[in-house]
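Beneath this line is the structure, given in C-alpha cells, with notes to follow.
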Amino acid sequence: MPLPTDRPPGRARRPGPFVGRRDELSRLGGVLARAEAAATVAWVEGPSGIGKTALVRRALDEAPTRLRIAVSGAEDEGSLRFGVVDQLWTALEATAGPRPPAGPDADPLVVGADLLAVLGSLERPAVVVVDDLQWVDVESARALLFALRRLRDEPLAVVLAGHPDPGVRLGPGWAHHLGDEDAVVRIALGGVSAEDLVALAAGLGEPDLSPRLARRLRAHTDGHPLHARALLEEHGVAGLRRAGRTLPAPRSLATVVADRVGGLADGARGLVQAGAVLGRTFTVDAAARVAAVDDPVAALDAAVEAGLLEEVDGVVAFTHPLVRAATAHGTGPLRRQVLHEAAATVTSGTAALLHRAAAASGPAPDVVAALEAEAADLAAAGDHARAADLLEVAAPLASSPAERDRLVLDAAVGVHAAGDFVRLDALRPRVDACAPGPRRTVVEGLAAFAVNDPVRAEALLGRAVGLRGDPGGGPWASRAAATLALARVQLTDWEGACDAAEVTLAGDSPWDRSVARYALALSCAQVGDTDRARRAAPGPVGDGRGPGALDDLAAAGVAALYAGDLAAAEEALGAVARRARAGEPVHLHEVALANLAHAQHRRGRLDDAAFHAELAVALATDAGRPSGRVAAHGAAAAIAADRGRLDEADAHLAEAAAVPGLDRSRLGRLLVALARAAVADAREDPEAVVAALGAELDGRVEPWMATVGPPTWRALVVGGLVGTGRGADACAALALVRAADVATTWPLRADLARAEGRLAASEGRVDEAEAAYRSGLVADADGPPGPAGARLEADLGRLLVDQGRRRDAVEHLRSARQAFARSGAAAGAARCDEDLARCGLPVRAGDDDPLLLTDAELRVARLVADGATNRAAAAELFVSPKTVEFHLANVYAKLGISSRRDLPTGLGRPDR
C-alpha cells in the first residue's frame, strides 16, 4: 500500500518495532540529505515482507520535514494504463495544481516530460516514494523512468522500493537504470541479525529471547522479519524453547493469516474476505455490502485489532500485500465465487465485468461476449493494453478450445499494438499452446519481430500473407503485411518490403497503413525510386490530424531525407517531435527522432542532432525495441564523432553492437558498420573505415553503391579506399556513385567532391585536386554548410598551405573553422586551429564564446534568446524549469551578462 505521509486519525494498526538496518538506514538518510542540493534516487530492493516499507518509513521519520508524496503499484492494477501516474497527479494537485490524467493514447515520453515539469517546479523540497515498483503499470514506469533520467538540480529525493529485478517486467530501460551506480543508490535488504531478532521479540512483549535461541530463529527464518515475527506471535519465546532442539516447522504466513482470519467472528471474517476480493484498497461500505455484514464498524475494529487491516480517512487496506494475497488464497473457491458475484453488484464498468468473470465456474458465453465488447471499445479508444487484459481474462471462460485460442491470439495482437514487446514475448507459451493455423502463424511472426528475429518473422508472416484469403480477418492480414514489410526492411529486401506494404495500404487500419507508408518510403528510396517514396506519404504534410497522422508525417520526413531534401525532412520530422510532445499519438516516435537527428546532422545542427539522437536512444531502450536501439545508437555515434567526442561515440557503438538479435538483422549490422566507419573517419583512420565496411561488404563495394543506407555514406567508402591507397577501387566506386545519380544534395556533393579531390591529391594531380575541391564549393540555397562543407573547405585550405599559398589558405581555413564552430564540431575546429597556426595565425582564446558553453547550456541559451520562457524551454528540452534556471545562471556567468535581454548579444546574435 502507499506509504502514508502524515497519517490522519483512524483505525491503523500499530506497526511492529523497527530493528536493525543501521547501515541501510544511514545510507537512505544520506540520500534524503543530499537531496537538499540536487535530485537523488534510492532503490530499496528485497523480497516481500523483508522490511522495505518499514525502512523507508523510519528514514522519512528521521529526515528533515519535506513534502512527501507516496504512490504504489499493485499486482491487480499492473495493466491499468498510467494508473500510478494518475496517483501522482492526485497527490500533487494540492501543491502543483490540477493535472489531467493521461489518456490511453498518450506517449510515455510526453507524460514523463509533464511529470518532470511538475516535480521540477515544486516550491519546497520533496520526497517521492514509489512502493511495489515491480507492479507499476508499464506506461507509468516508462514515464517515470523518463523523468528520473532527467532530474538534475531539483531538491527532490525519489525512493523506489520493490522486489529484485523489476526490469524483467518493466523492460530493459529500468534494468539498466537501476544498475547505474552513478544515478541510483542501491540498498539491498536481506535478513536481519540474531541481535535484531532479540530486539524484535522485546518490542513484541517477549523480552526473554536468548542470543542462542535468536541465532536458531535467525537460521530457521533466514532472518526474514515478517516470518520471524509471525513465529514469535504464534508460539512466543516459551513455545520456541519447549520445541527443544528442533524448532516448530515454520508455518507459512498464509497459514498464520488463515488462523487469524478463521479466529474472527463471522462479520469481521466476511469483511476481510470481501476486501481481499475487492482489491488493493476498498471502502467499509462496499465490503459490508459484498459480505452482508450487519455491523461493519465492529467488524472493522476486530480486523484491525487482528493486524489484518488498517483504515485511514475512510479507505481500508491490508497491512501488507502478502496478507491480502494469503486471505484471498485461503478463502475457499465456493466462498470466493459468492463474494465475486456480490462484488459485481456493488461495482460498475470494467470492475464489475472482472468480478463476473471471477465468479464463473465454467464456460460463460455472456461474460465472454461482454468482455469482448468492452475490449473492442478500449481498442477503438487506443487502449490496446487493457483490451488485451480483458481478452486474456475471457479466454479461460470460452465455450470451446477454438474460441479460447482465438481470444488468446487476439490478446497477443493487442499487446503488439500497444508496443509492449516485453509482454508479447512473455505470452509466447500461451500462443504456442494454441492450435496451428493462420492466426497463430501471424502472432508467432509478430513475436519473432519483437525479439529482433526478422528472418523468422519474414518466414512466418510471408506464409500468412501468402495464404488464400485473410488469416482470420482483415485486421489480421493488414497487421501481418505491415510487420512483414518491416521485417523485410531489416533484411534489406527492399522490393519485397514494397510488395508487403502495398497489401497493407489497401486495408483500413490507420496504424498499419502508417507503418506500411514508412516501410514503403524507406524501401523505395533505397532502390532509387524517390518519386514513389514521396507518394507513399500523401496528403497535407503539415496539417493532417487523426489516427496515424503523425506516423504518416514521419514517413514523409523519411522519404524527404532519403530523397536528399534535408530542409523538408527536418521540417516534417521536427513537426512530428513537437506535436508528439504536445500529446498527439505516434507509433514511430524513436524512428522519427533518429531520422530527424540524421537530417540535422547533415545540415550542420550538431547540438540539436545529438539531443534528438539521445532522445531516440532513451525511447527505444525504454520500450524494448531492439531495431530502434540500433538505429538511434548508430545515429548518436556518428554525431558524437563529428563533434570530436570519440569516447562517447565508442560507447554508443558498443551499445548498438550489444543489441540482442543484431546478427539476424542485415540492416542492423549495416547501420552499426556505417557508424563504425563514421567514427573511424573522424579518427582519420582509413584502414578502420575500410575494415568496418568490409565486414558487411565481403570486400566488395559494388553491391552497396545504390541500395543501402542514406546516400552520404558512399563518400565514406571512397574516402577509405583513397586513404588506404586503393586508387583504382576508389575511381570505380566514384563512377558507380555518379552513375547511381544519388549526388543530389549539398552535403553529398561536398563529400564526393572532397573524395575526388583527395584521390587526385594522393596521386599528385594537385591542379585536379584543387579543381575538385572548388567544384564542391557551390552556393547552397539550403543554409550554411554543415560538417560536410566544412571538411571540404578545410581540405582545400590544407592543400593550399602545402603549396605555400598561405593567404588563399587562410580564407578557406577560417571559413571552415567558423562552419565547424557553428555546427558544434569541436574536433574539426581544433584541426583548423592547427592549420591556421601553420600559417602564422593562431586563434585567440575566446574567439568563439558560445563554444565555452556546455551543450545543455547552449541549447537553453538559444531558446531563451529566441524568447522562450523558462517553462517553455524546459518543455522543449525535456528538462525541469529548475534545470533551465541552473543552466541560465552558468550561461550568464560564462558570457559575462546579467539578464536574458543580453543573451542575443552574448551569443553573437545582436539582431535578435
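Just so it is clear, none of the values below were taken in a lab; they were calculated from the coordinates. As the structure is a computational prediction, the values presented were derived from the model and not from experiment. Note that we place each Cβ from the backbone using ideal geometry, even for glycine, and neighbour counts take in every protein chain shown.
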Exercise. If you take the beta carbon distance between D180 and D222 as r and set R0 to 25 Å, what does 1/(1 + (r/R0)^6) give as a FRET efficiency, to the nearest 0.05?
Worked result: 0.30
Exercise. In debye to the nearest 20, how big a dipole does the stretch 360-484 give about its Cα centre with +1 on each Lys and Arg Cβ and -1 on each Asp and Glu Cβ?
Worked result: 440 debye
For this session: Please name whichever of P211, V158, G191 sits farthest to the positive end of the charge dipole of the chain, dipole taken about the Cα centre and charges placed at Cβ: Lys and Arg +1, Asp and Glu -1.
Result: P211
Exercise. Loop-only check: which trypsin sites (Lys or Arg not before Pro) in the stretch 634-679 are DSSP coil with at most 12 other Cβ within 10 angstrom?
Worked result: none
For this session: May I ask you to evaluate 6.51 cos²θ - 1.76 cosθ + 1.60, the Karplus curve with θ = phi - 60°, for each residue of the stretch 422-435 and list the ³J(HN,Hα) values in order in whole Hz, giving x for glycine and proline?
Result: 5, 5, 4, 5, 5, 7, 4, x, 6, 5, 4, 7, 6, 5
Problem set entry | Segment R774-R871, length gained on full extension (0.36 nm per residue, minus Cα span) | 30.3 nm
Exercise. Given the Cα atoms of the stretch 852-906, and with Rh set as the inverse mean 1/r over their pairs in the Kirkwood sense, what is Rg to Rh to two decimals?
Worked result: 0.91
Exercise. Taking the Cα centre of the chain as the origin and placing charges on Cβ (Lys, Arg +1; Asp, Glu -1), which of L593, A359, V672 is farthest toward the positive end of the dipole?
Worked result: A359
Exercise. What spacing in nm lies between the two simple spin-label points modelled at A265 and A728, each 7 Å away from Cα in the Cβ direction?
Worked result: 10.3 nm
Seminar exercise, completed: Rounded to two decimals, the Debye log10 I(q)/I(0) of the stretch 256-359 (Cα scatterers, no solvent) at q = 0.10, 0.12, 0.18, 0.22 Å⁻¹ is -0.22, -0.32, -0.75, -1.15
For this session: Return the distance in nm (one decimal) between the two label points of a simple spin-label model at E62 and V297, each offset 7 Å from Cα along Cα→Cβ.
Result: 4.0 nm
Exercise. L334 to A352: extension gain in nm, 0.36 nm per residue of separation minus the Cα-Cα distance?
Worked result: 4.6 nm
Problem set entry | Calculated FRET efficiency for the pair D902/A254, C-beta based, R₀ 56 Å, to 0.05 | 0.25
Exercise. P(r) of the chain in 10 Å steps, Cα pairs, percent per bin?
Worked result: 2, 11, 18, 20, 18, 14, 9, 5, 2, 1, 0
Problem set entry | Model label zone, D855; criterion: amide N under 20 Å from point 7 Å along Cα-to-beta-carbon; scope the stretch 558-592 | 570, 574, 577-578, 590-592
Exercise. What percent of all Cα-Cα pairs in the stretch 22-188 falls in each 5 Å bin, counting up from 0?
Worked result: 2, 9, 20, 23, 23, 15, 7, 1, 0, 0
For this session: Please give the length that would be gained between A435 and D802 if that part of the chain were fully extended, namely 0.36 nm times their separation in residues minus their C-alpha to C-alpha distance (nm, one decimal).
Result: 124.7 nm
Problem set entry | Charged-residue dipole, Cβ positions (Lys, Arg, Asp, Glu), the stretch 256-359 about Cα centre, Debye nearest 20 | 540 debye
Problem set entry | Average Cα contact separation per residue, the chain, under 8 Å, 6 or more apart, as relative contact order % | 9 percent
For this session: Report the charge-dipole magnitude of the chain in Debye, nearest 20, computed about the Cα centre from +1 at each Lys and Arg Cβ and -1 at each Asp and Glu Cβ.
Result: 1300 debye
Problem set entry | A38-E75 FRET efficiency (beta carbon distance; Förster radius 41 Å; 0.05 resolution) | 0.75
